[in-house]
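Notes to accompany the following structure.
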Amino acid sequence: MAKKPELKQAQQDVMNEAIAGRDDLVPLSVLWLSASNVRSKHDPEGIRSLAGLIEAEGGLLNPLAVVVEVVNGVEGYGVVAGGRRLRALQLLVEQGKMDADALIPVRVFESEQAVSVSLTENVTQEPMNPADELVAFRTLSQEGKSIEQIAARYGVKEMTVRRRLALANLAPEFVDMYREGKVSVDVLQALAQTEDHDRQRQAWAALPSHSRSAYYVRNLLSEDDMSANASMVRFVGLKAYKKAGGATREDLFAEKGQGVYITDKVLLRQLFDERVAAAAKALTDAGWKWAEYREGFSIHTMPRDLIRLQPEVQEPTPEQAKALQAIETRRTQIEARLKELEGPAEHDEAAAEEVDGLCDEQGDLDAKESEIDHARLGWSDEQKAVAGVVLVLDHNAKLFEYCGVMRKEDRPSDPEAGKAVGVQGPAAGERAEFSKSLMSSLTAHRTAAVAASLARNPKAALVALVHALCMSDSSPWLSSPLRFRMTDAGHDVRREAAGYEQCKAAAALLAAEAEVLPDMTGEPAEVFARLLTLDESQLVKILALFVGRSYNVISQEGKKANAHGFDAAAAIEQAVAVDMADWWEPTEETYLGAVSKAAMMKAVTEAGSDAADIASMKKADAITVAQQRLAGRRWLPAPLKAYTAEA
């Protein structure tokens, strides 16, 4: 057996003095904390736990070390060692669990020994290892003590007991690692996601040593489950899931309101599908040809197998017509009154206030009119007969209905019949003039050119951005080429635009970035501080650059999509006076290598050169000759020509 280390001589002397103490029993009411007690801070939670233990054990196991003191003329006993026990006893008195005059075992020392005794006990006592505390709780549980009994015995909350038992019941090696300081408690909490020791060991072994953090452990152990906060669970309802026999798992260490997981995804999906099917049936009963649920569907990135129809503007109902008439009448009255107040408002404070109030009322009237106009958008029976509804689960756990979606196979072959139900573009079966990959390349070049032009024209960029924001609020069904949530189209442009690195737009964008973004990298706070030092003209230039980056008209379709009203793309390009002939040239990489010789001959002819000899040339030679004859001619294929009203 290993020999205990020798105490220092001074400490041994104090211990010898301590032996001379006299054991006694004194009333609790004459005990107080001595000023000679060297420990000044105590954990309130620890005091409560200790009080519960003292109550469970029926009193103190060790006596308090005290000295006789006189405080404020009253003689009593100052506790120099055992302050936590004294506070725990006093707490039991406050809780009505102990009498204030209960006799407490003490060991009385001479007053000159007070500090020495206090220091000896506090320095030499060794705190209990946290892992041993866990094992102690597990032992109590194995002895048959309930969670409620253990909580009451140690004066802690029942959740605290459950958490400690969860950690104590981990695979033994993890408790040993915790005892040795080789793993943190938050990692143990993550491992406690499962009671299966083998799964705990597998998760630990599956992660490299540098990734054995609580975050990675928790993610690995919960990857097969779904949080009760997930949209699908909230849509089905946790109560409905449990009522159907679904099991759950609770993370004892999660924050309040978090940490509940469903473990039967198959059952959850079954319940979800049943609710969706009921919603779809209600829509088909209402006249739609079909209704179906699609994961991740977005109207802004319409799948190729679907076409979005546009709602028709319905005649106002009698209530709507009455409201519109009232709005127009009141608007006329306001305009007349504002005209009367034009002069007085400049000198009369009351008149100025009335003007402000009338202007605010005008805004309210505009909002009400827009609300009615939006409500008048509807779907005809003819549209419902050929189109359907895509159901999407939104972040609020509600089914959102995208109405008026037509499958391409349902598209009428007759263009006039298609227009009658709101279909735009070429009729079914009509062959596109250009391949999808070429269309992507050409429209990507167009996107880059407009981006560079917007970067040079801040006012146009501001107008485009503000217009897009306004329209998204009042007329969300209108499309816009601006991705004003700052979706950078640059990656798509570089991927789709053949020969992009050599084009003029690429160089112009790089130059604009070098001019307005000289030092906009680093920590967000630092960038914000630098932006604060810029004047408005510099900020507007930066905004123009980012507006340009968001512009995107890349498409694989043979014709430009109908804008359904105001054509923002055409207006923006006119505002920046973009002419694609200034930005793009037909070369082997950008165009000629992707089309037939017949298309090359058509281009050369349109550019005013003879193309007859190209027909007999090999493809490579034809490309070389066509490129030479098109050089400097400013010829453009249809997708790069200026937008027209019919586009």
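The values are calculated or read from the model by the stated rules, or taken from the named source; none is laboratory data. As the structure is a computational prediction, the values presented were derived from the model and not from experiment. Note: ideal-geometry Cβ built from the backbone for every residue, glycine included; neighbour counts use all protein chains shown.
Output the residues belonging to the range 596-614 that are buried (at least 20 other Cβ atoms within 10 Å of the Cβ) and under 20 Å from Gly499 (Cα atoms).
Met600, Ala603
Suppose we keep only residues that are buried (at least 19 other Cβ atoms within 10 Å of the Cβ) and not aromatic (Phe, Trp, Tyr) within the range 166-182. Which one would you say is nearest to Glu148 (Cα to Cα)?
Here is the first cut: in the range 166-182, the ones buried (at least 19 other Cβ atoms within 10 Å of the Cβ) are 166-168, 170, 174-175, 178.
When the remaining residues are screened for being not aromatic (Phe, Trp, Tyr), the result is 166-168, 170, 175.
Details: Ala166: 15, Leu167: 18, Ala168: 17, Leu170: 21, Val175: 24 Å.
Only one residue fits best here, namely Ala166.
Go over the candidates Leu283, Leu268 one by one and state the one that is assigned to a helix (DSSP H, G or I), in contact with a strand residue (DSSP E or B) (Cβ under 9 Å, 6 or more places away or on another chain) and closer than 22 Å to Asn229 by Cβ.
Answer to the check: Leu268.
If a residue must be part of a helix (DSSP H, G or I), surrounded by 10 or more Cβ atoms within 10 Å (Cβ to Cβ) and of a type in the set (D, E, K, R), how many such residues does the range 347-356 contain?
So the answer is 3.
Which one of Ala203, Ala291 is surrounded by 15 or more Cβ atoms within 10 Å (Cβ to Cβ), touching a Leu at 6+ places or on another chain (Cβ under 6 Å) and touching a residue at least 60 places away in the same chain (Cβ under 8 Å)?
One residue alone meets the criteria, Ala291.
Every residue, every condition in (1) modelled with pLDDT under 85; (2) within 20 Å of Met439 (Cα to Cα), yes or no:
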{"residue": "Leu534", "(1), (2)": "yes, no"}
{"residue": "Lys541", "(1), (2)": "yes, no"}
{"residue": "Ile554", "(1), (2)": "yes, yes"}
{"residue": "Ala561", "(1), (2)": "yes, yes"}
{"residue": "Ala577", "(1), (2)": "no, no"}
{"residue": "Lys602", "(1), (2)": "no, yes"}
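Could you grab me the full set of residues in the range 419-448 that are of a type in the set (A, V, I, L, M), part of a helix (DSSP H, G or I) and modelled with pLDDT of 65 or more?
Leu438, Met439, Leu442, Ala444, Ala448
Check Lys339, Lys384, Lys322 and return the single one that is assigned by TED's automatic domain parsing to the domain that holds Glu409 and surrounded by 14 or more Cβ atoms within 10 Å (Cβ to Cβ).
Among Lys339, Lys384, Lys322, only Lys384 is assigned by TED's automatic domain parsing to the domain that holds Glu409 and surrounded by 14 or more Cβ atoms within 10 Å (Cβ to Cβ).
With Ala282, Ala254 as the choices, which residue is surrounded by 14 or more Cβ atoms within 10 Å (Cβ to Cβ), of a type in the set (A, V, I, L, M) and over 30 Å from Ser555 (Cα atoms)?
Ala254
Could you check Glu573 against (1) within 30 Å of Val313 (Cβ to Cβ); (2) modelled with pLDDT of 85 or more; (3) surrounded by fewer than 20 Cβ atoms within 10 Å (Cβ to Cβ) and say which number it fails?
Only one criterion in (1) within 30 Å of Val313 (Cβ to Cβ); (2) modelled with pLDDT of 85 or more; (3) surrounded by fewer than 20 Cβ atoms within 10 Å (Cβ to Cβ) is unmet by Glu573, namely (3).
Which residues, taken from the range 294-319, are in contact with a Leu (Cβ under 8 Å, 6 or more places away or on another chain) and surrounded by 12 or more Cβ atoms within 10 Å (Cβ to Cβ)?
Arg294, Pro311, Glu312, Gln314, Pro316, listed by residue number.
Just to be sure I understand the filter: pairs with C-beta atoms under 8 Å, separated by 6 or more residues or on different chains, first member in the range 324-351 and free of Cβ contacts under 8 Å to residues at least 24 places away in the same chain and of a type outside the set (Asp, Glu), second member surrounded by 13 or more Cβ atoms within 10 Å (Cβ to Cβ) and outside any helix (DSSP H, G or I). Which pairs pass?
Once the first residue is free of Cβ contacts under 8 Å to residues at least 24 places away in the same chain and of a type outside the set (Asp, Glu) and sits in the range 324-351, its partners that are surrounded by 13 or more Cβ atoms within 10 Å (Cβ to Cβ) and outside any helix (DSSP H, G or I) give Ala351/Leu341.
The rows are residues; the columns are (1) over 20 Å from Leu220 (Cα atoms); (2) outside any helix (DSSP H, G or I); (3) in contact with a Cys (Cβ under 9 Å, 6 or more places away or on another chain).
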residue	(1), (2), (3)
Val161	yes, no, no
Arg164	yes, no, no
Phe174	no, no, no
Gly181	yes, yes, no
Asp186	no, no, no
Gln189	no, no, no
Thr194	no, yes, no
Arg199	no, no, no
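To keep it simple, each residue is scored yes or no on (1) more than 30 Å from Ala282 (Cα to Cα); (2) assigned to a helix (DSSP H, G or I); (3) modelled with pLDDT of 90 or more; (4) over 40 Å from the mean Cα position of the chain (by Cα).
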| site | (1), (2), (3), (4) |
| --- | --- |
| Gln333 | yes, yes, yes, yes |
| Leu358 | yes, yes, no, yes |
| Gln362 | yes, yes, no, no |
| Ile372 | no, yes, no, no |
| Glu382 | no, yes, no, yes |
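Look through the range 272-327, keep the residues that are modelled with pLDDT under 90 and among the aliphatic types (A, V, I, L, M), and return whichever of them is farthest from Val236 (Cα to Cα).
Checked the range 272-327; the qualifying residue farthest from Val236 (Cα to Cα) is Val313.
So is Ala451 modelled with pLDDT under 80, closer than 30 Å to Asp579 by Cβ and touching a strand residue (DSSP E or B) at 6+ places or on another chain (Cβ under 7 Å) or not? Write out each step before concluding.
Values: modelled with pLDDT under 80: no; closer than 30 Å to Asp579 by Cβ: yes; touching a strand residue (DSSP E or B) at 6+ places or on another chain (Cβ under 7 Å): yes.
No; evaluated as a whole, the condition is false for this residue.
Of everything in the range 385-403, what is among the small types (Gly, Ala, Ser), part of a strand (DSSP E or B) and under 30 Å from the mean Cα position of the chain (by Cα)? Give them in sequence order.
If the condition is that a residue be among the small types (Gly, Ala, Ser), part of a strand (DSSP E or B) and under 30 Å from the mean Cα position of the chain (by Cα), then no residue fits.
Conditions tested, residue by residue: (1) more than 44 Å from the chain's Cα centre (by Cα); (2) over 25 Å from Arg495 (Cα atoms).
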residue	(1), (2)
Glu585	no, no
Glu588	yes, no
Val595	yes, no
Ala598	yes, yes
Ser609	yes, yes
Asp613	yes, yes
Tyr643	no, no
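If a residue has to be surrounded by 20 or more Cβ atoms within 10 Å (Cβ to Cβ), at pLDDT 70 or above and not acidic (Asp, Glu) to count, how many in the range 465-497 make the cut?
Count: 4.
Being buried (at least 20 other Cβ atoms within 10 Å of the Cβ) and either under 13 Å from Val30 (Cα atoms) or touching a strand residue (DSSP E or B) at 6+ places or on another chain (Cβ under 7 Å) (or both) is the filter here, so list the residues in the range 71-106 that pass it.
Scanning the range 71-106 gives Tyr77, Gly78, Val79, Val80, Ala81, Gly82, Gly83, Arg85, Leu86, Leu89, Ile104, Val106.
So which pairs qualify, if the first residue must be in the range 28-40 and at negative phi and at pLDDT 80 or above, the second must be among the aromatic types (Phe, Trp, Tyr) and assigned to a strand (DSSP E or B), the Cβ gap must be under 8 Å, and the two must be at least 6 apart or on different chains?
Correct list of pairs: Val30/Tyr77; Leu31/Tyr77; Trp32/Tyr77.
What is the residue count in the range 206-215 for residues that are in contact (Cβ under 8 Å) with a residue 12 or more places away in the chain and outside any loop (DSSP other than H, G, I, E, B)?
The number of residues fulfilling the criteria is 3.
Take the residues of the range 615-641 that are assigned to a loop (DSSP other than H, G, I, E, B) and of a type in the set (D, E, K, R): which is nearest to the chain's Cα centre (by Cα)?
Taking the range 615-641 as the starting set, the residues that turn out to be assigned to a loop (DSSP other than H, G, I, E, B) are 617-618, 631-637, 641.
Filter again for of a type in the set (D, E, K, R), leaving 618, 633-634, 641.
On the way: Lys618: 56, Arg633: 51, Arg634: 48, Lys641: 41 Å.
If we take residues in the range 615-641 being assigned to a loop (DSSP other than H, G, I, E, B) and of a type in the set (D, E, K, R), then Lys641 is nearest to the chain's Cα centre (by Cα).
Inspect all residues belonging to the range 615-623 and state whether any of them is modelled with pLDDT of 90 or more and surrounded by 19 or more Cβ atoms within 10 Å (Cβ to Cβ).
Within the range 615-623 (the criterion being modelled with pLDDT of 90 or more and surrounded by 19 or more Cβ atoms within 10 Å (Cβ to Cβ)), the answer is yes, since at least one residue qualifies.
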